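The values are calculated or read from the model by the stated rules, or taken from the named source; none is laboratory data. As the structure is a computational prediction, the values presented were derived from the model and not from experiment. Note that we place each Cβ from the backbone using ideal geometry, even for glycine, and neighbour counts take in every protein chain shown. Quick note on the areas: whole protein, heavy atoms, side chains included, nothing else; ligands and nucleic acids left out. Shrake-Rupley method; radii C 1.70, N 1.55, O 1.52, S 1.80 Å.
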Amino acid sequence: QVQFAESGGGLVQPGGSLRLSCVVSGPFFSIHTMGWYRQAPGKQRELVASLSLGGNIFYGDSVKGRFTISRDNAKNTVTLQMNMLRPEDTAVYYCNRPNLLGDWGQGTQVTVSA
């Protein structure tokens, strides 16, 4: 049973940065594509970035050039570096496996506000 533990969220001013981390418990972390999702109030959860075993990367249009996804297979960790944050980035952020979704973790709240 895979589990996801997200951390690193917080309150930041527009233009600021945050670094989110997700520790994944469960087998075969390194073979799965990993992704970061977010869900804003009243909106559907959306995939914002993903990174495959082979290094293929996807970024949603709204975060391209601002967010960077990375992974450390030795530590079963996936990270999302978020720069130039905007109020519209405010959401709860989750990690999961886009090709084999597991139960969602608690997520980590990111609030961008002056």
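Restricting segment 62-87 to residues that are in contact (Cβ under 8 Å) with a residue 40 or more places away in the chain and outside any loop (DSSP other than H, G, I, E, B), which is surrounded by the fewest Cβ atoms within 10 Å (Cβ to Cβ)?
First, pick out the residues of segment 62-87 that are in contact (Cβ under 8 Å) with a residue 40 or more places away in the chain: 73, 75-87.
Right, trim to outside any loop (DSSP other than H, G, I, E, B) and you get 77-82, 87.
On the way: T77: 17, V78: 28, T79: 19, L80: 26, Q81: 15, M82: 25, P87: 11.
Here the answer is P87.
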Positions within segment 6-41 being open to solvent by 40 Å² or more (accessible area, probe 1.4 Å), more than 11 Å from the chain's Cα centre (by Cα) and among the small types (G, A, S), in sequence order: G15, S17, S25, S30
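Take the conditions of a type in the set (S, T, N, Q) and surrounded by 14 or more Cβ atoms within 10 Å (Cβ to Cβ) and apply them to N56. Does it pass? Lay out the reasoning, then the answer.
Details: of a type in the set (S, T, N, Q): yes; surrounded by 14 or more Cβ atoms within 10 Å (Cβ to Cβ): no.
The answer is no for N56.
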Segment 2-32 - residue that is at pLDDT 95 or above and hydroxyl-bearing (S, T, Y) and, of those, farthest from A74 (Cα to Cα): S17
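Name every residue in segment 90-108 that is assigned to a strand (DSSP E or B) and within 15 Å of P14 (Cα to Cα), in order of residue number. I'd like the intermediate steps shown before the answer.
Here is the first cut: in segment 90-108, the residues assigned to a strand (DSSP E or B) are 91-96, 108.
Listed by number, the list holds a single entry, A91.
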Hey, Q44 open to solvent by 60 Å² or more (accessible area, probe 1.4 Å), at pLDDT 95 or above and assigned to a loop (DSSP other than H, G, I, E, B) or not: yes
Test: residue in segment 15-30 that is over 24 Å from V112 (Cα atoms) and in contact with a Ser or Thr (Cβ under 8 Å, 6 or more places away or on another chain): yes
